[in-house]
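Chemist: Quick one: this structure, given as structure tokens, is what I'll be asking you about.
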Amino acid sequence: MFKKPTLTTTLIIIVGFLTLCPVIMLLLGSFSQDFVSFGQFTTVKYVEAYTDPDFADILWNTVIFTGGSALVATLLALFLAYVNTRTDLPFKFIFKVIAIVPMMIPHILFSVSWVLLLNPSNGTLNRLFMDLFGLTDALFDIYTLPGMILVEGLLDLPIAYLIIAPAMSAFDVSLEESSKVCGASNLRTLMRVTLPVLRPAILASAILVIVRSLASFAVPSVIGMPGRIYVLSTHIYRNIATGFAADFGKAAAIGMSALAASITLIYVYRYLTSESGKFVTISSRGFKPTLIKLKNAKYPMFLIVGFLSFILILLPVLVLFYTSMLPYSMVPSAKAFSMMSWDNWIEVLKDPISLLSLKNSLFLGVVGATIGTTLSIFVSYVIVKVRSTASGILESLSFLSFSFPGIVIGVGFMWFFVRTPIYGTLTALLIGYIATYLPYGIRPISSAFVQIHSHLEESSRVCGAGPFYTMRRIVIPLLIPGIVSGWILMASMFLRELTLSVVLSRPGTEVLAVQILHFAEDGLWGPLSALGIIMIFISSALVILAAVLGSKLTKMEVVK
Amino acid sequence: MEIRIKGLTRNYYSEGKQIKALDNVDLTIPANKIFTLLGPSGCGKTTLLRCIVGLETPDAGEIYIGDDLVWSSEKNIFVPPENRGLGMVFQTYAIWPHMNVFDNVAYPLQTSKTPKDIIRQQVAKALNFVQLDGFESRPATKLSGGQQQRVALARALVAEPKVILFDEPLSNLDAKLREETRKELRSFLTELKITAIYVTHDRIEALALSDLIAVMRAGKIIEIGDPKKIYFNSDHKFVADFIGRANLIKGKVEKLEGEHAIFASEIGSILALNSQRIPVGQDAMLCVRPEFIRLTSEHKDQGQNIFRGLMETLIFIGEAYEGEIRIGDTLLTTTIEPTENIVEGDDISIAFDPDHCFLLSA
Ligand SMILES: Nc1ncnc2c1ncn2[C@@H]1O[C@H](COP(=O)(O)OP(=O)(O)O)[C@@H](O)[C@H]1O
Ligand SMILES: [Mg+2]
């Protein structure tokens, strides 16, 4: 096949280009006046960006928004993980659902559904409360920092849960037991023993949520911008979105600080997760902790958990579907139900731009995931099987893009694409997508490669099978589940992609999420909801497929 | 089938250093015997095994399997593993996780396009042999360690190869299961009348299973012999020390007496086996195993090979005492019958049987 060193070098060049090109172009761009005078060094954009009188406010908003989201997501995750691993709460399958299902709902649609519920002028929930209790003011204005924090916190809850839950269940229960033997109550034990021991996992979760919310664009654009609350990502967007006066130099200069913050945080996160092994005492005895009996608190507790999963999963879909059937927003009533029709759906399916965006997103999803998966197969092969200094470099390069905020990478790529003929084409989006989401493909495929111990191939050879027969019956069957779930994961990320597309998408290359953002900016909630439900349907189908295949993959792991 | 290896060399390079994994190995493995390669970890056993099956290409040398030359660096011959017709049990068992037991075992027959009904018969026979009847449809991932090991064995045997190779097949089992499986393996292999090459670093496994043991060190074969020869009368100090606990006593050969020799040692003169015919006057080493140091009531002057010493430590371990006896500057370890009536600090007399202590060239 390939000579190994050349394969590794080729991949380093490709992946290196994909991950480093936008960063380098961003850096160079931030020191340029505009696209035309690229390369003539100037610091004027930095001066402009950082002496802007609004900038301090934006920074402050960003700190509150990211920190608040981290707090909400981590506290909720702690609560859920504790209830799941330590109490006798019934129906525990619901926790699995909470951890996976929100990934099916694109962030922009989740945000929109909260706007529909809680916007101050005609949010359904607000109106409902005003009618019921005769209030004159809205119950809760979503277009505020607390509103943004609430929604972003809920969106990042699954991530936080996936970090905290394993730490909670790996935790050595004898530490708690000895505290109780010393006479401490459950609550005291929780505060004095459990939480301090879990500190690294809690910190790691908080930091990851901060990175996520720093890169988040859906919530700041759909909820923040109408309330004139700008954070770094929307501030960057504001500088490039105003058609004729787009200032990519200033956007790059601002982007540099978002990038720096994000890389620093990821570095701290890595440090914490590598240290945490020493901190969390993992019990090898495999004892099940004795579950705390909730007794009378059982049903109230279950209600809380059930309510959380309802607002995370069901509510957004219901709200969107409800809105998609109505000509304008109104509180559920007999009148509302009598006015329901498919008009919005018909309108969307006749709207040429919506159709184009659907077509483009499907194309990007299918073609992008196919190319991305192919690249991931080669990269994973080198990372897992070649094991050299060069393959180590490749591994670091491939996972670097995890720490880059999408909108910043978009600005970096923009500086590159304007100098090439692919500017404003779907190819530009394709390259950007693959560069940003490569880790999503490499993760499952490299774990499939790890599973194929060299002895599995070698024993086939000794059993009388030639190299091709071995490929056909051993290697490929073992790889397929990983490849399929990598493909589906990438395809569903690409279908819903917003942050990168918002920068790179031009007239003619609209994609679903951008079209939805435009609908939101124009207040066209009906068509938006119809298109959104279509999007959720496609992406849920993909995620379910991935989960099924993924569970098959884990079942295949060799029993030690 | 006999296997002949000539001048086999394999070097690895890592971090700029050369490692001689195989250093000019000459070896003949006789047909239909259980032949064990024994040596400390990293001495090149696996490398040798992988060269024989064809998973590794040596730098130089020749390998014959029966009359077929399967590797020759000079004549540029390399027969790939699939055409060598061998069976192998890997250290990890290498059971394919996406197949059930039947497909795992049937695989070697499927590669050679055997008719389906014959495959079914052969698989059933192989599974019966390893006592896994009725496991055909069990998924490979639902097997315990011991069962995986048997499936691996059935797979290696199903195509009825003339040679079967094992790379530390018991090292992944827990201690108790390892002992049981060792016994079973011994009875399987004796029943089969097949050439078996068995790699291990565990001396008890080697002694218990083998017809012949080859002891390796640093890419070289040091000594080949049957288990008793290796244990009771090895030619090399390294081998004597590696195969079991040994007291090594320095001295000089004083006088030859047929098979034996009188050995002037640090603790006195000893009559010992001298199979290597070490000449008079040469420095040598006496090896006596702890279980052959016998307590005696006789006194030194009353017989040959009797010495007086001090019981310095004595630890009761159930089936015996483990003791250390001091004679001058020499400390000898010994195992003593648990019924003996002695305590630490006793003056004692010990005796060596001349046939159970032997001389090694120093
Ligand atoms: N692929 C390899 N690359 C570099 N060195 C190797 C490789 N395989 C084996 N070696 C080295 O060769 C020596 C012999 O290895 P091996 O045959 O596996 O030993 P054993 O099976 O006796 O433990 C060891 O020093 C080992 O480190
Ligand atoms: Mg080995």
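Bear in mind that the values in this text are calculations on the coordinates, not laboratory data. As the structure is a prediction and not an experimental result, all values here were calculated from the model. Note that each Cβ is placed from the backbone with ideal geometry, even for glycine, and that neighbours are counted across all protein chains shown.
Chemist: Structure shown: which of B:Lys33/B:Lys229; B:Lys6/B:Lys220; B:Lys142/B:Lys162 lie over 22 Å apart, alpha-carbon to alpha-carbon?
Modeler: On the way: B:Lys33/B:Lys229 16 Å; B:Lys6/B:Lys220 12 Å; B:Lys142/B:Lys162 30 Å.
The pairs that break the limit, which is 22 Å between Cα atoms, are B:Lys142/B:Lys162.
Chemist: Using mean Cβ contacts within 10 Å as the protection proxy, how do A:291-297, B:116-122, B:224-230, A:22-28 order, highest first?
Modeler: Details: A:291-297: 11.6, B:116-122: 13.7, B:224-230: 17.1, A:22-28: 20.4.
Answer by packing, highest mean first, reads A:22-28, B:224-230, B:116-122, A:291-297.
Chemist: How big is the dipole moment of chain A about its Cα centre under a simple scheme where the beta carbon of each Lys and Arg is +1, that of each Asp and Glu is -1, and everything else is neutral? Debye, nearest 20, please. Let's see the in-between values first.
Modeler: Working: 37 positive and 27 negative charges, 439 e Å.
Dipole about the Cα centre, nearest 20: 2100 debye.
Chemist: Among B:Thr335, B:Thr114, B:Thr190, which one shows the highest mean-square fluctuation when chain B is modelled as a Gaussian network with alpha-carbon springs under 10 Å?
Modeler: Taking springs between Cα atoms under 10 Å, the residue moving most is B:Thr114.
Chemist: Relative to the present Cα-Cα distance, how much length would full extension add between B:Ala124 and B:Val79 at 0.36 nm per residue of separation?
Modeler: That works out to 13.2 nm of additional length.
Chemist: Moving on to the next point. Is there a simple number for the mean count of other chain Cβ atoms within 10 Å of the Cβ of residues in A:470-478, and what is it? Walk me through the intermediate numbers first.
Modeler: Details: counts 2, 0, 0, 7, 5, 0, 0, 4, 3.
Whole-number average of other-chain Cβ neighbours for A:470-478 is 2.
Chemist: Give a residue-ordered list of calculated ³J(HN,Hα) values for the stretch B:306-316 (Karplus: 6.51 cos²θ - 1.76 cosθ + 1.60, θ = phi - 60°; whole Hz; x for Gly, Pro).
Modeler: 10, 9, 9, x, 10, 6, 7, 10, 8, 10, 7
Chemist: Considering only DSSP beta bridges with both partners in the stretch B:3-237, what is the antiparallel share in %, to the nearest 5?
Modeler: DSSP beta bridges in the stretch B:3-237 are roughly 60 percent antiparallel.
Chemist: Relative to the longest principal axis of the C-alpha atoms of chain B, give the angle of the C-alpha long axis of helix B:145-157, reported between 0 and 90° and rounded to the nearest 10°.
Modeler: 70 degrees
Chemist: Quick one: compute the contact order of chain B, relative version, from alpha carbon pairs under 8 angstrom and 6+ residues apart, as a percent.
Modeler: Details: 783 pairs, mean separation 55.0, N = 362.
RCO, chain B: 15 percent.
Chemist: Same structure, new question: Need the list of aspartates and glutamates near A:Lys295 for cross-linking: C-alpha distance under 15 angstrom, and skip anything on the same chain fewer than eight residues off.
Modeler: Correct list for A:Lys295: A:Asp88.
Chemist: Do any trypsin sites (Lys or Arg not before Pro) in the stretch B:31-92 lie in a DSSP loop with no more than 14 other beta carbon atoms within 10 Å, and if so, which?
Modeler: Numbers: sites: B:Lys33, B:Lys45, B:Arg50, B:Lys75, B:Arg84; in loops: B:Lys33, B:Lys75, B:Arg84.
Here the trypsin sites (Lys or Arg not before Pro) that fit, given the DSSP loop and packing criteria, are B:Lys75.
Chemist: Choose one answer from B:Ser269, B:Ser137, B:Ser72: the residue with the largest mean-square fluctuation in a GNM of chain B with alpha-carbon springs under 10 Å.
Modeler: Greatest mean-square fluctuation among the candidates belongs to B:Ser137.
Chemist: In nm, to one decimal, how far is the modelled label at A:Leu303 from the one at A:Leu187, with both set 7 Å along Cα→Cβ?
Modeler: Taking the simple label geometry, A:Leu303 and A:Leu187 are separated by 2.0 nm.
Chemist: Fewest Cβ neighbours within 10 Å first, please rank A:His518, B:His260 accordingly. Please list the in-between numbers first.
Modeler: Numbers: A:His518 15, B:His260 19.
Final ranking by Cβ density, sparse to dense: A:His518, B:His260.
Chemist: Using the Karplus curve 6.51 cos²θ - 1.76 cosθ + 1.60 with θ = phi - 60°, work out ³J(HN,Hα) for each residue of the stretch B:33-47 in order, rounded to whole Hz, and write x for Gly and Pro.
Modeler: 10, 8, 10, 10, 9, 10, x, x, 4, x, 8, x, 4, 4, 4
Chemist: Translational diffusion coefficient, Stokes-Einstein: compute it for the stretch B:317-362 using the Kirkwood radius over C-alpha pairs as Rh, at 25 °C and 0.890 mPa s, and state it as an integer in µm² s⁻¹. Each step should come with its number before you reach the end.
Modeler: Details: Rh = 12.6 Å.
Rounded, D is 195 µm²/s.
Chemist: Let me ask you something else. With a point put 7 Å past each Cα toward its Cβ, work out how far A:Phe468 is from B:Lys193 in nm, to one decimal.
Modeler: Between A:Phe468 and B:Lys193, the label points sit 4.0 nm apart.
Chemist: Considering amide H positions built from the backbone, and no H for Pro or chain starts, which residues 5 or more places from B:Leu271, or on another chain, come under 5 Å of its amide H?
Modeler: B:Phe263, B:Asn305
Chemist: Quick one: what are the phi-derived ³J(HN,Hα) couplings along the stretch B:87-95, Karplus 6.51/-1.76/1.60 with θ = phi - 60°, whole Hz, x for glycine and proline?
Modeler: Each residue's phi maps through the Karplus curve to give x, 9, 10, 7, 4, 8, 6, 6, 7 Hz.
Chemist: If you take the C-alpha gyration tensor of the protein assembly as shown, multiply each eigenvalue by 5 and take the square root, what semi-axes do you get, largest first, in whole Å? Write down the numbers at each step before the final one.
Modeler: On the way: eigenvalues 997, 223, 159 Å².
Computed over the protein assembly as shown, the values are 71, 33, 28 Å.
Chemist: Another question, if that's okay. Grab the Cα-Cα distance for A:Lys295 and A:His518, subtract it from 0.36 nm times how many residues apart they are, and report the gain in nm with one decimal. Each step should come with its number before you reach the end.
Modeler: On the way: separation 223, 0.36 × 223 = 80.28 nm, distance 5.03 nm.
Here the answer is 75.3 nm.
Chemist: Enumerate the amide H contacts of B:Met216 below 5 Å, restricted to partners 5 or more residues apart or on another chain; note that Pro and chain-start residues carry no placed amide H.
Modeler: Amide H to amide H, under 5 Å and 5 or more residues apart or across chains, B:Met216 pairs with B:Leu38, B:Gly39, B:Ile222.
Chemist: Which whole number gives the average, over all residues in B:108-115, of C-beta atoms from other chains lying within 10 Å of the residue C-beta?
Modeler: Working: counts 6, 2, 5, 9, 3, 0, 0, 0.
What the average comes to for B:108-115 is 3.
Chemist: Measure nothing but the geometry: give the 0 to 90° angle between the long axis through the Cα atoms of B:116-129 and the longest principal axis through the Cα atoms of chain B, rounded to 10°.
Modeler: For B:116-129 against chain B, the angle is about 20 degrees.
Chemist: Would you mind checking the radius of gyration and Dmax of the stretch B:245-361 based on alpha-carbon positions, in Å?
Modeler: 14.2, 43
Chemist: Roughly what would the spin-label model give for B:Ser269 and A:Ala241, points 7 Å off Cα along C-beta, in nm?
Modeler: 10.7 nm
Chemist: When Rg is the radius of gyration of the Cα atoms in chain B and Rh is its Kirkwood radius, what does Rg/Rh come to? Can you show the working numbers first?
Modeler: Numbers: Rg = 24.7 Å, Rh = 23.2 Å.
Rounded to two decimals, Rg/Rh equals 1.07.
Chemist: Shifting gears a bit: Within a 10 angstrom radius of the beta carbon, how do A:Ser205, B:Ser297, A:Ser174, A:Ser403 rank from fewest other beta carbons to most?
Modeler: Numbers: A:Ser205 28, B:Ser297 8, A:Ser174 14, A:Ser403 17.
The fewest-first ordering by Cβ neighbours comes to B:Ser297, A:Ser174, A:Ser403, A:Ser205.
Chemist: Now, a different point. Between B:Lys6 and B:Ser171, what FRET efficiency follows from the Cβ-Cβ distance if R0 is 22 Å, with the result rounded to 0.05?
Modeler: On the way: r = 30 Å, r/R0 = 1.35.
It comes out at approximately 0.15.
Chemist: Rank B:Ala94, B:Ala196, B:Ala156 by mean-square fluctuation in a GNM of chain B with C-alpha springs under 10 angstrom and give only the top-ranked residue.
Modeler: Highest fluctuation among the options: B:Ala94.
Chemist: Using Cα-Cα distances under 8 Å and only pairs 6 or more residues apart, what relative contact order does chain A have, in percent?
Modeler: Details: 797 pairs, mean separation 122.3, N = 560.
The normalised contact order for chain A reaches 22 percent.
Chemist: Could you work out the helix-only [θ] at 222 nm for chain A, with each DSSP H run of four or more residues adding -39,500 (n - 2.57) and the total divided by the number of residues, to the nearest 500 deg cm²/dmol? Numbers along the way, then the final one.
Modeler: Working: 27 runs with 383 residues, N = 560.
Computed mean residue ellipticity for chain A: -22000 deg cm²/dmol.
Chemist: Moving on to the next point. Test of understanding: ordering A:Thr62, A:Thr427, A:Thr74 by Cβ neighbours within 10 Å, fewest first, what list do you get?
Modeler: By the 10 Å Cβ count, ascending: A:Thr427, A:Thr62, A:Thr74.
Chemist: Further question: Given the Cα-Cα distance of B:Arg245 and B:Asp283 and 0.36 nm per residue of separation, how much length would full extension add, in nm? Mind showing how you got there, number by number?
Modeler: On the way: separation 38, 0.36 × 38 = 13.68 nm, distance 2.19 nm.
Stretched out fully, the B:Arg245 to B:Asp283 stretch lengthens by 11.5 nm.
Chemist: Normalised by the number of residues in the stretch A:91-216, what is the relative contact order in percent for Cα pairs under 8 Å and 6+ residues apart? It would help to have the intermediate numbers written out before the result.
Modeler: Numbers: 84 pairs, mean separation 26.9, N = 126.
Computed over the stretch A:91-216, the figure is 21 percent.
Chemist: Which aspartates and glutamates have a Cα lying under 18 Å from the Cα of A:Lys335, excluding residues fewer than 8 positions away in the same chain?
Modeler: Cross-link targets: A:Asp131, A:Asp343.
Chemist: Another question, if that's okay. Scan around A:Asp351 for amide H atoms under 5 Å from its own, H built in the peptide plane at 1.01 Å from N, and keep only partners 5 or more places away or cross-chain.
Modeler: none
Chemist: Oh, and also: Under the definition of partner shielding as Cβ atoms of other protein chains within 10 Å of a residue Cβ, what is the mean value for peptide B:54-67? Numbers along the way, then the final one.
Modeler: Values: counts 3, 7, 1, 0, 0, 0, 0, 0, 0, 0, 0, 0, 0, 0.
Mean partner shielding for this stretch: 1.
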